[in-house]
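Everything on this sheet refers to the single structure shown next.
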Amino acid sequence: MADSIGRKDVDFNASQELITTAALLNSARWKLIDSWILEVLLPAKSKWEEAWKAYQNRKTRNSNITSAKNQARKKYEPILRTLVATLTADPLVTDTDLNSMGIVGRHKSGAPIPVPTTYPKTEIKLPAPAKIELHFRDNGETGHAKPHGVRGAEIRWAILETPPTDWDELQHSEFDTQSPFTLTFKGGERAKTVYFALRWENTTGEKGPWAEIQSAVIP
């Protein structure tokens, strides 16, 4: 199946502009969640566009600018794919709407994408001060391949004084399509305890069960 989002950066930028412009214009008609648009989509979009603009200037381009561009895309692309999955699954969005955004149409036949039934197993690594890496794979598997139909993992986390008793207490939400996921903290947060949990999400936006909440002391 063809990808709805361009692989090359220049194609990715064109895809994101086409998709987000239509989504913002039709957010009321498609009943998109305003808070998600304002707090998640638009900030990531803005950071990408700022980094991409800086990268376009070959005279000033350097390794830091290139790294910033790559990191901005890594943050933004999973969010954009969440939007694509939401639009594709939304009956209020027609096939004509999808085609106008360059989004590959819905499957008309074949087996449906299954809802995830397993959860990610996470290995914690401490690569540097104020950084934690979460290396995740399917529970019970030795390889890093995701389950069939899964596009990535939702990561919920929070720095707390006491252990949480429910996943809802993990206030921050991130998404990553490929292990590892890196959490970067401020210097003043070192030696504090961060709690986190992961769950799979399939290509239509359906989520699997949460893994158990884990913790690590920020190095």
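The values are calculated or read from the model by the stated rules, or taken from the named source; none is laboratory data. Given the structure is predicted, the values throughout are model-derived calculations rather than measurements. In this analysis, Cβ positions are derived from the backbone assuming ideal geometry, glycine residues included, and neighbour counts consider all displayed protein chains.
Here's the yes/no breakdown for (1) assigned to a loop (DSSP other than H, G, I, E, B); (2) modelled with pLDDT under 95; (3) of a type in the set (Asp, Glu):
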site	(1), (2), (3)
ALA14	no, yes, no
LEU32	yes, yes, no
LEU42	no, no, no
GLU77	no, yes, yes
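Residues in region 160-219 that are surrounded by 16 or more Cβ atoms within 10 Å (Cβ to Cβ), among the β-branched types (Val, Ile, Thr) and assigned to a strand (DSSP E or B): VAL194 only. Of the residues making up region 133-159, those that are of a type in the set (Lys, Arg) and in a strand (DSSP E or B) are ARG137, ARG151, ARG156. Exactly one residue among PRO120, PRO78, PRO147, PRO116 is surrounded by 15 or more Cβ atoms within 10 Å (Cβ to Cβ), in contact with a strand residue (DSSP E or B) (Cβ under 6 Å, 6 or more places away or on another chain) and under 22 Å from SER27 (Cα atoms), and that residue is PRO78. Just one of (1) touching a His at 6+ places or on another chain (Cβ under 9 Å); (2) modelled with pLDDT of 95 or more fails for GLN178. It is (2). Scanning region 147-189 for residues that are among the aromatic types (Phe, Trp, Tyr) and farther than 20 Å from THR118 by Cβ yields TRP157, PHE185.
When the test is whether a residue is loosely packed, with under 15 Cβ neighbours inside 10 Å and assigned by TED's automatic domain parsing to the domain that holds PRO78, ALA23 does not pass it.
Looking at region 130-178, which of its residues are acidic (Asp, Glu) and more than 18 Å from the chain's Cα centre (by Cα)? Correct list: GLU141, GLU161, ASP166, ASP168, GLU169.
Scan region 22-52 residue by residue and report those that are in contact with a Ser or Thr (Cβ under 8 Å, 6 or more places away or on another chain) and within 22 Å of LYS8 (Cα to Cα). Selection gives ALA22, LEU41, LYS45.
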